[in-house]
Amino acid sequence: LLDVDLVKEDGVQIIRRFSGGGTVVVDHSSLWTTFIGRDKDTPDVTPYPREIMKWTADEIFSPTFQQMKESMLTQGYKKKTLMMEQKSCGFASEQGGSMMQHSMDAETIRDIPEFALVETDYVLGDKKIGGNAQAITKDGWLHHTSFLWDYVDEHMRYLSLPEKRPEYRGDRSHDDFLVKLGDYFGRIEGGKRTFFKEVRKATAEKFDLDEYTLKDALDLIDSELGGIQEYYDGKCRSKVVEL
């Protein structure tokens, strides 16, 4: 799944995640989400990969992207600039002013393809917007996604065309198969932070949420697992791969 020679030439770090799945390119513009569910707490979710994906698509991400489109429509009407006609002395004329639209027009926003789950991919229209992977145990499951808000086009050269691929993809290259969320939602107020805000809102419709900081998580790792390095060297099943 990798152009090994190119990866080695450019010194790209490779990590094998414990949940498996296909190979994805991630960087500072990737948006990462993870859902960890206990079977007893999520009785409506059948603990199999496709069913977990369908639940997250229907209950979390579909409402997220729908709300983002609606927010952009509202934002589009609000973000207008008042252009005043002026007399030579600099005061506005009695005729008032005209409104000039600077954001995406409503028709363009409505034409943003709908979010959907196709086979095992999250897509907008017929283009993939992120990679997924799952880990399932006897008592629960984990599902994580790396959404492509943006990426460096040439970095996709590190990926080779897999022999086994979704039917809807066909023989399309990565350039033709993937799309950046920022291409559609890059002008939304708040940028990619708005994506996480809407994910939280959709999740809060299903669960009671408590928010924790990264420091809280690291403190827990220190107290329960002996620290991040000890955990990585020991029980952690995601590992750096040496080529």
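The values are calculated or read from the model by the stated rules, or taken from the named source; none is laboratory data. All values derive from a computational prediction rather than experimental measurement. Every residue, glycine as well, gets a Cβ built from its backbone with ideal geometry; the counts of neighbours run over all protein chains shown. Note: accessible area is taken over every heavy atom of the protein model, side chains too, but ligands, DNA and RNA are not part of it. Shrake-Rupley method; radii C 1.70, N 1.55, O 1.52, S 1.80 Å.
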Item to check | Some residue of segment 103-114 being in contact (Cβ under 8 Å) with a residue 12 or more places away in the chain, touching a helix residue (DSSP H, G or I) at 6+ places or on another chain (Cβ under 8 Å) and more than 25 Å from M72 (Cα to Cα) | outcome: no
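Could you grab me the full set of residues in segment 115-167 that are among the β-branched types (V, I, T) and in contact with a Leu (Cβ under 7 Å, 6 or more places away or on another chain)?
Step one: list which residues in segment 115-167 are among the β-branched types (V, I, T), which gives 118, 120, 123, 129, 136-137, 145, 152.
Matches in segment 115-167: I129 only.
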Checklist outcome for this item: Of (1) within 30 Å of D41 (Cα to Cα); (2) open to solvent by 40 Å² or more (accessible area, probe 1.4 Å); (3) in contact with a strand residue (DSSP E or B) (Cβ under 7 Å, 6 or more places away or on another chain), E119 satisfies every one except (3)
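Condition check ((1) assigned to a strand (DSSP E or B); (2) among the β-branched types (V, I, T)) across all residues:
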{"residue": "F35", "(1), (2)": "yes, no"}
{"residue": "E51", "(1), (2)": "no, no"}
{"residue": "T56", "(1), (2)": "no, yes"}
{"residue": "E59", "(1), (2)": "no, no"}
{"residue": "Q66", "(1), (2)": "no, no"}
{"residue": "S71", "(1), (2)": "no, no"}
{"residue": "Q75", "(1), (2)": "no, no"}
Next on the checklist: If I filter segment 126-142 down to residues being closer than 18 Å to G21 by Cα and part of a loop (DSSP other than H, G, I, E, B), which single residue comes out as modelled with the lowest pLDDT?
Outcome noted: T137
Next on the checklist: Looking for something farther than 22 Å from T33 by Cα and not β-branched (V, I, T) - is there at least one such residue anywhere in segment 207-223?
Outcome noted: yes
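Which one of these is under 25 Å from R165 (Cβ atoms), exposed (fewer than 15 other Cβ atoms within 10 Å of the Cβ) and touching a Leu at 6+ places or on another chain (Cβ under 7 Å): L6, L1?
Values: L6 fails: touching a Leu at 6+ places or on another chain (Cβ under 7 Å).
Being under 25 Å from R165 (Cβ atoms), exposed (fewer than 15 other Cβ atoms within 10 Å of the Cβ) and touching a Leu at 6+ places or on another chain (Cβ under 7 Å) holds for just one of L6, L1, which is L1.
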Next on the checklist: Being closer than 14 Å to F207 by Cβ and either at pLDDT below 95 or open to solvent by less than 40 Å² (accessible area, probe 1.4 Å) (or both) is true for just one of I52, I60. Which residue is that?
Outcome noted: I60
Checklist entry - Of all residues in segment 143-179, how many are touching a Ser or Thr at 6+ places or on another chain (Cβ under 8 Å), farther than 20 Å from R16 by Cβ and not hydroxyl-bearing (S, T, Y)? => result 6
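Of the residues in segment 37-49, how many are aliphatic (A, V, I, L, M) and assigned to a strand (DSSP E or B)?
At the first step, the residues of segment 37-49 found to be aliphatic (A, V, I, L, M) are 45.
If we keep only those that are assigned to a strand (DSSP E or B) too, we end up with none.
Count: 0.
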Checklist entry - Which condition does E198 not pass, out of (1) acidic (D, E); (2) under 28 Å from Q75 (Cα atoms); (3) open to solvent by 30 Å² or more (accessible area, probe 1.4 Å), if it passes all the others? => result (3)
Next on the checklist: Could you list, ordered by first residue, the pairs with Cβ atoms under 8 Å in which the first is in segment 61-88 and farther than 26 Å from L148 by Cβ and among the hydroxyl-bearing types (S, T, Y) and the second is assigned to a helix (DSSP H, G or I) and modelled with pLDDT of 85 or more, at least 6 apart or interchain?
Outcome noted: Y77/A106
Item to check | Enumeration of residues in segment 126-138 that are closer than 21 Å to L159 by Cβ and open to solvent by 10 Å² or more (accessible area, probe 1.4 Å) | outcome: D126, K127, K128, N132, Q134
Checklist entry - In segment 153-192, which residues are open to solvent by less than 60 Å² (accessible area, probe 1.4 Å), touching a residue at least 60 places away in the same chain (Cβ under 8 Å), assigned to a loop (DSSP other than H, G, I, E, B) and not small (G, A, S)? => result P162, I188
Item to check | Exclusive hit being touching a residue at least 40 places away in the same chain (Cβ under 8 Å), out of contact with any Pro (no Cβ under 6 Å at 6 or more places or on another chain) and open to solvent by 80 Å² or more (accessible area, probe 1.4 Å), set K206, K235, K239 | outcome: K206
